[in-house]
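What follows is a short report on a single structure.
The values are calculated or read from the model by the stated rules, or taken from the named source; none is laboratory data. Remember, it's a predicted structure, so these values are computed and weren't measured experimentally. Note: ideal-geometry Cβ built from the backbone for every residue, glycine included; neighbour counts use all protein chains shown. Just the protein is used for accessible areas: all its heavy atoms, side chains included, with ligands, DNA and RNA removed. Shrake-Rupley method; radii C 1.70, N 1.55, O 1.52, S 1.80 Å.
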Amino acid sequence: MKDISHDNAMAELFREDRAAAAATLDAILADGDQGEMLVTLRQMAKAFGGMPVIAKAADLNVTQLYRTLSEK
């Protein structure tokens, strides 16, 4: 079995189970943890096509989306 990063594992989970993705966001919103929300949004962007696809679908500037969800 090949090891994969936590972010890649979560992206795979979200891609395979959209209900789990929605429930995860709901739980984070209820807790109000901004850092956890940013990490999860990065994972979900990876799961659902990457930043350019998400930016286009949301009518956002892709560069700004990268900056907003950056680990830094």
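Taking a probe of 1.4 Å, how large is the accessible area per residue of the chain, in Å²?
Details: 5250 Å² over 72 residues.
It amounts to 73 Å² per residue over the chain.
Tell me, what % of the accessible area of region 2-72 is carbon and sulfur with a 1.4 angstrom probe? Write down the numbers at each step before the final one.
Working: 2720 of 5030 Å².
Reported share for carbon and sulfur atoms: 54 percent.
As I understand it, the dipole of the chain uses +1 on the Cβ of Lys and Arg and -1 on the Cβ of Asp and Glu, about the Cα centre. Which of A11, N61, V39 lies farthest toward its positive end?
Of the candidates, N61 comes out farthest on the positive side.
If I stretch the segment between M37 and A20 completely, what's the gain in nm (0.36 nm per residue apart, minus their alpha carbon distance), one decimal? Can you show the working numbers first?
Working: separation 17, 0.36 × 17 = 6.12 nm, distance 1.46 nm.
Contour length minus the Cα-Cα distance gives 4.7 nm.
Name the lysines eligible as straight-distance cross-link partners of K2: C-alpha to C-alpha under 22 Å, and not fewer than 8 places from it in the same chain.
Partners within reach: K46.
Using a 1.4 angstrom probe with every protein chain in place, what is the largest-first accessible-area order of K72, K46? Mind showing how you got there, number by number?
On the way: K72 225, K46 100 Å².
Reading off the accessible areas and sorting them downward yields K72, K46.
Note down the magnitude of the dipole of the chain about its Cα centre, charges +1 on Lys and Arg C-beta and -1 on Asp and Glu C-beta and zero elsewhere, to the nearest 20 debye.
Values: 8 positive and 11 negative charges, 77 e Å.
Using Cβ point charges on Lys, Arg, Asp and Glu, the chain gives about 360 debye.
Using the Karplus equation 6.51 cos²θ - 1.76 cosθ + 1.60 (θ = phi - 60°), what ³J(HN,Hα) coupling, rounded to whole Hz, does each residue of region 5-21 give in order, writing x for Gly and Pro?
Working through the residues one at a time gives 5, 4, 4, 5, 5, 5, 4, 5, 4, 5, 5, 7, 9, 5, 5, 5, 4 Hz.
In deg cm²/dmol and to the nearest 500, what is the mean residue ellipticity at 222 nm of the chain if only DSSP H runs of at least 4 residues count, each as -39500 (n - 2.57), divided by the residue total? List each step's numbers first, then the result.
Numbers: 5 runs with 53 residues, N = 72.
-22000 deg cm²/dmol, from helical runs alone.
Roughly how many Å² of R15 are accessible to a 1.4 Å probe, to the nearest 10?
About 120 Å², ignoring ligands and nucleic acids.
Mind listing the phi-derived Karplus ³J(HN,Hα) values for region 40-57, rounded to whole Hz, using 6.51, -1.76 and 1.60 with θ = phi - 60°, and x for any glycine or proline?
5, 5, 4, 4, 6, 4, 5, 5, 10, x, x, 4, x, 5, 5, 4, 5, 5
Provide the descending list of Cα extents for the chain along its principal axes, expressed in whole angstroms.
Taking the Cα atoms of the chain, the three principal extents are 36, 31, 25 Å.
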